[in-house]
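Let me begin by presenting the structure, written as structure tokens, before commenting on it.
Readers should treat all values here as calculations from the given coordinates under stated rules, not as data from a laboratory. Values in this document were obtained by computation on a predicted structure and should not be read as measured data. Here Cβ is always computed from backbone atoms with ideal geometry, including for glycine, and neighbour counts include all displayed protein chains.
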Amino acid sequence: MDANQRTLRNPFGMDEECRNCPALCGSRSRVVHGYGDVGADFLFVGERPSAAADERGVPFAAPDGEPALRGLLERLGLCRMDSDRHRPEYVNAYVTALTRCRDPDRPPTDEEIDNCEPFLNAEIRSINPEIIVPVGERALAEIGAEYTTRPVADLDLESDHGETIRGRGFELVPMIHPREQTDEQRQAWLEAFAAVMASDYRQTKGRRER
């Protein structure tokens, strides 16, 4: 799949008129595909678009004043601090979700996640990241089932938060969603992820040099 890195929003040109989930077509404002650096080492995967993401078309967008993923990425040097507050400029990071459309009243169904799986799979294959960060319980369960050998029952977001889990060609570093983290959990994850970034995390997978 060819990428257009002249744009951070939906750089792989995925279908923005998707109608695979009829129940969501009336509730969404837009289809929210992935956003960020297509050569990223670090891929962040949430469950579904937030209300702000549905409005702006940027995964993990948050209302002003609410704890947001962007703030964590700024502290790690993965987002330019001077970039537009509604159009963050991610560097070596790509953000996406299990599903691309939002129902304001409920989480996605298993069928809706299955319908969106080809989009996520295409992003993962095209980016070929070194580290995947499942954000939230649902993302950890889905990504863990697909990309690790650990039984889903053995995955626990609270205890796995900030821990490195060996995957199939990737490492996973789960994260409690920023809006649900305590100050201590936020600092613990930042310290753990900074240590990962400082380590020799790159695997021998035929990646191009950045």
Please work out which option in (i) 23, 19, 19; (ii) 30, 18, 14; (iii) 32, 22, 14 gives semi-axes √(5λ) of the Cα gyration tensor in Å calculated from these coordinates, and answer with its label.
(i)
Once you have all Cα-Cα distances for the range 127-189, histogram them in 10 Å bins from zero and send the whole-percent values.
24, 56, 20, 1
Using helices alone, I'd like the mean residue ellipticity at 222 nm for the chain: each DSSP H run of four-plus residues gives -39500 (n - 2.57), total over residue count, nearest 500.
-9000 deg cm²/dmol
Taking θ as phi - 60°, what are the ³J(HN,Hα) couplings along the range 94-100 by the Karplus curve (6.51, -1.76, 1.60), each to the nearest whole Hz, with x for Gly and Pro?
9, 10, 7, 8, 4, 10, 10
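Stokes-Einstein D for the range 31-120 at 4 °C, 1.567 mPa s, Kirkwood Rh over Cα pairs, in µm²/s?
Taking Rh from Cα pairs, D becomes 97 µm²/s.
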Amide H contacts under 5 Å for F44, restricted to residues at least 5 apart in sequence or on another chain and with H modeled in the peptide plane, are Y94, V95, T96, V133
Tell me, what HN-Hα J-couplings in whole Hz come from the Karplus equation 6.51 cos²θ - 1.76 cosθ + 1.60 at θ = phi - 60° for each residue of the range 64-74, using x for Gly and Pro?
4, x, 8, x, 9, 4, 3, x, 5, 5, 4
Taking the chain as a Gaussian network, Cα atoms linked when under 10 Å apart, which of P59, P107, P88 shows the biggest mean-square fluctuation?
P107
Note down the nm distance, to one decimal, between modelled labels 7 Å out along Cα→Cβ at E89 and at E55.
2.5 nm
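If Lys and Arg each add +1 and Asp and Glu each add -1, what is the summed charge of the other residues whose beta carbon sits under 13 Å from the beta carbon of P63?
Value of the local net charge: 0.
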By how many nm would the segment from R166 to R106 grow when fully extended, if each residue of separation counts as 0.36 nm and the alpha-carbon distance is taken off?
18.5 nm
